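Read through the structure below, which is laid out as structure tokens, and then see the notes.
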Amino acid sequence: MLCYLNEKNKVSYQELPLEIMAPQKVVNDTDTKTVSTSVTKLLTKNKVSGNCHLVLPASHYQMVQVDKPNVPKDEIVAALKWQVKDLVTIEVDDLIVDYFDVPVLLAGNPKVNVVCASKTFLTAMVGSINQGEIKLSTISTEEFAFLSLLPRQDDAILLVCQQRNAEIVLLIVQNGQLYFHRRLRGFAQISQQSEQELAMGITDSLSLEIQRSTDYFERQLKQSPIKSIQVFIPSDNEQYLVDKLGLNTNILVQLLALPEQYQGQRKYGLAIGASLLSTLEQSDA
């Protein structure tokens, strides 16, 4: 999925397939060279121009939580690389990291969430994207692309979100900060299920996972109760899913509403969120 600014300075969204070797062949996204070559061909073939936003798929980054190193700010990233090297599967020589602070001060030292990715993969992707009239503006993860869709408010919100054919992600956000994130296995096909299939137990299973997450946030992190649950799982039965989830909790459950200019583009939610990230970062500066 591509997200870029068109000639009228408006964000455009297109879903374009990666093609390799032969039409209809599925790309193995673990093959860095294959993916980067396919991206180059896609951009060239479709004559895309503008600012591009890259959202890393879950298969290409790992996130771990560790104590924040007690070093000067400009040395934190270097220190974290060696601190997490035994906690991730990426070789240390190929490891590139970034981090964000945990908003809650837990027992002991301040914590940070460390995002880890392969330098080889990122270098190949950046090289493929920064060609011709494309300029790479941001690199983010699914968590932050989805987070940027939420309005900033004082009350905590739990967001149930999903990129099509991927696992569901639960986020708890307050004042624009990510307090909690969790990826749920076993729900990748939920957006393709009928109302009858949704009523056969999978909605109850999802409700249980949501309850576990709210309990952790409120009891373990000792935070104020979550005020609303927002759902962003674009599908024909999204409202039905919202209604079913609402029956299993006393928290208000609603569809996450996109800004008016993005109505009719729900399936591009991740791309929309990515394009909003730079705006949010500028407002925080």
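The values are calculated or read from the model by the stated rules, or taken from the named source; none is laboratory data. As the structure is a computational prediction, the values presented were derived from the model and not from experiment. Quick reminder, even Gly has a Cβ in these numbers, built from the backbone with ideal geometry, and neighbours come from all protein chains shown.
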Name the residues in the stretch 112-138 that are of a type outside the set (Ser, Thr, Tyr) and crowded, with 18+ Cβ neighbours inside 10 Å, would you?
Val112, Val114, Val115, Cys116, Ala117, Phe121, Leu122, Ala124, Met125, Ile129, Ile134
Positions within the stretch 158-175 being over 14 Å from the mean Cα position of the chain (by Cα) and either more than 17 Å from Leu252 (Cβ to Cβ) or surrounded by fewer than 21 Cβ atoms within 10 Å (Cβ to Cβ) (or both), in sequence order
Asn175
Considering the stretch 80-91, residues that are over 16 Å from Pro69 (Cβ atoms) and among the aliphatic types (A, V, I, L, M), and then whichever is surrounded by the fewest Cβ atoms within 10 Å (Cβ to Cβ), we arrive at Val88
Does Val97 satisfy the criteria of being in a strand (DSSP E or B), surrounded by 18 or more Cβ atoms within 10 Å (Cβ to Cβ) and either of a type outside the set (Phe, Trp, Tyr) or more than 21 Å from the chain's Cα centre (by Cα) (or both)?
yes
Residue check, Thr214 touching a Leu at 6+ places or on another chain (Cβ under 9 Å) and either more than 20 Å from Asn113 (Cβ to Cβ) or not assigned by TED's automatic domain parsing to the domain that holds Leu252 (or both):
no
Every residue from the stretch 176-200 that is surrounded by 16 or more Cβ atoms within 10 Å (Cβ to Cβ) and aliphatic (A, V, I, L, M)
Leu178, Leu184, Ile190, Leu198
Of everything in the stretch 162-190, what is touching a residue at least 40 places away in the same chain (Cβ under 8 Å), under 14 Å from Glu142 (Cβ atoms) and part of a strand (DSSP E or B)? Give them in sequence order.
Ile168, Leu170, Leu178, His181, Arg183
Answer yes or no: is there a residue in the stretch 268-285 that is at pLDDT below 95, exposed (fewer than 12 other Cβ atoms within 10 Å of the Cβ) and closer than 23 Å to Ala166 by Cα.
no
Return yes when Gly132 is touching a strand residue (DSSP E or B) at 6+ places or on another chain (Cβ under 8 Å), at pLDDT below 90 and not in a helix (DSSP H, G or I) and no when it is not.
no
Subset of the stretch 195-216 (residues that are modelled with pLDDT of 95 or more and of a type in the set (Gly, Ala, Ser)):
Ser205, Ser207, Ser213
Looking only at the stretch 115-123, decide whether some residue is assigned to a loop (DSSP other than H, G, I, E, B) and touching a residue at least 24 places away in the same chain (Cβ under 8 Å).
no
Of the residues that make up the stretch 51-69, is at least one within 28 Å of Asn130 (Cα to Cα), surrounded by 17 or more Cβ atoms within 10 Å (Cβ to Cβ) and of a type in the set (S, T, N, Q)?
yes
Report the residue count in the stretch 201-220 for those that are in contact with a strand residue (DSSP E or B) (Cβ under 9 Å, 6 or more places away or on another chain) and either in a strand (DSSP E or B) or surrounded by 15 or more Cβ atoms within 10 Å (Cβ to Cβ) (or both).
6
